[in-house]
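Step one of this worksheet: look at the structure below.
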Amino acid sequence: MKSLCKLLAVFGLVLGLALPSMAADPIKIGALYNLTGGMSSIDVPSLNGAKLKAKMINDAGGLLGRQLEIVGVDTKTDQKAAAIGAKKVLGEGIVAGIGYSDPAFVLPSAPLFQKKGIPFVTSGATLPALPAMVGDCMFLAPFGDNIQARAIADYAVKDLGLKKIVVWTDNSMDFTKGLSKYFKEGAKADGAEIVLEDFFMSGDKDFSAQIARLKGAGADAIFVSACPNEAGLSVKQIREAGLDIPILSGDGFDTELISTVPGKKLAHDIYFTTHTFRGETRPEVLEFIKAYKAEYGVEPENAFAALGYDAVGLIANAIKTAGSAKPADIRKALADTTNYQAVTGTITFAGNGGIPLKSVSIINVNDGVYTVKHVWNPNAK
């Protein structure tokens, strides 16, 4: 009997030691990003922002007595790799997923999260149809393309006084095709004329044919719906051809490539929409910029760094609100999110179907210098 008592006491001690260890298992969030290839200039900062937010949460004591762990995968700007990456992180015991700055990579991956009932927050894909296409586990940290396209259309016509606009569209991406569609609708509604539409494909490096047609169009501006890789090249070749008309775009132009590829002298009279945070003095913004610079030695490269940070913040807020790290509870808390104070603006999902209604910043680039020219508020429309 004495031996049995000793054995039970030892077992109890071992169990007591094991329980805190089990309780300390991290809460895992899968992070799918294109860290190499054409999307890397915006996806790398986004993952950095996500990791930074997790680190700050962990340094403050974690969530529910546990640490956050970001399980990152590089899907190399490849749609097949996006699906493979999703399967990989879903096998890692994650409770939620984040990632991507383009719907072309969300669409092969997010439906796999939906099947498992695991919420997925895209940190940068702006296709407003994504929640309807994927399901109730799909959420957008950014605004929708319909919002940013109307913002740049309004600014172009009403503030810059532009009337005749050429539209170039990357015809291989859902994001770029949708953005052009919404821009044309907005520009026409404001009284501008679309004098020419032209197209190219992702990976194109020679825009000479499009430029020749642009020269003969009699336009006073061009809207280029492109992803980062083609953004810099298009600016470079338009300016090298001697065309000094304003170049307009969406958040695909929120990359250093539009100044580094053409060079600072050619990077002028460019206007693009992006996610609000540059030039703001809200406490959330100042804290983020200070922490990002301390962690990585540079200020946030673009708004996608802030969006990655916000995506993790949204999930962490849902976990805290629900008092649970179960995927179903996180999904419900995300769907009920109201007035979450993110770096890129106030986010409310409740009643919005997974898409927040947020302000849009209009950025002007002259001689490689980025300046906030206007903050467009959809609620004021």
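Just so you know, all these numbers are worked out from the coordinates, no wet-lab data involved. These figures come from a predicted structure and were not determined experimentally. No Cβ is skipped: glycine too gets one built from the backbone with ideal geometry, and neighbour counts run over all protein chains shown.
What to note about this one:
- Here's the list of lysines a cross-link from LYS115 could span, going by alpha-carbon distance under 20 Å and ignoring same-chain residues fewer than 8 apart: LYS28, LYS80, LYS87, LYS88, LYS326, LYS332.
- Charged-residue dipole, Cβ positions (Lys, Arg, Asp, Glu), the chain about Cα centre, Debye nearest 20: 1080
- Under a Gaussian network description of the chain, with springs only between Cα atoms under 10 Å, the residue in ASN171, ASN339, ASN229 that fluctuates furthest is ASN339.
- For the range 37-46, Karplus couplings with θ = phi - 60° (6.51, -1.76, 1.60), whole Hz, Gly/Pro x: x, x, 9, 5, 5, 10, 7, 4, x, 5
- Relative contact order of the range 75-142, pairs being alpha-carbon contacts under 8 Å that are 6 or more residues apart, as %: 30
- Looking at the range 254-339, the trypsin sites (Lys or Arg not before Pro) that sit in a DSSP loop and have at most 16 other Cβ atoms within 10 Å of their own Cβ are LYS264, LYS265.
- Cross-link partners of LYS184 among lysines, defined as those whose alpha carbon lies under 26 angstrom from its own and excluding same-chain residues fewer than eight positions apart: LYS158, LYS163, LYS164, LYS205, LYS215, LYS236, LYS358, LYS373, LYS381.
- For the chain, built as a Gaussian network whose Cα springs stay under 10 Å, the top-fluctuating residue of ALA129, ALA212, ALA350: ALA212
- Among THR321, THR273, THR255, the largest mean-square fluctuation in a Gaussian network model of the chain (Cα springs under 10 Å) belongs to THR321.
- When you restrict to C-alpha pairs under 8 Å that are six or more residues apart and normalise by the size of the chain, the relative contact order lands at 18 percent.
- Taking only Cα atoms of the chain, radius of gyration then Dmax in Å: 22.8, 99
- Long-range HN-HN contacts of PHE223 with modeled amide H, under 5 Å: VAL166, VAL167, TRP168, LEU248
- FRET efficiency for ASN366 and GLN341, using Cβ-Cβ distance with R0 set to 35 Å, rounded to 0.05: 0.65
- Relative contact order %, the range 159-206, counting alpha carbon pairs below 8 Å whose residues are six or more apart: 52
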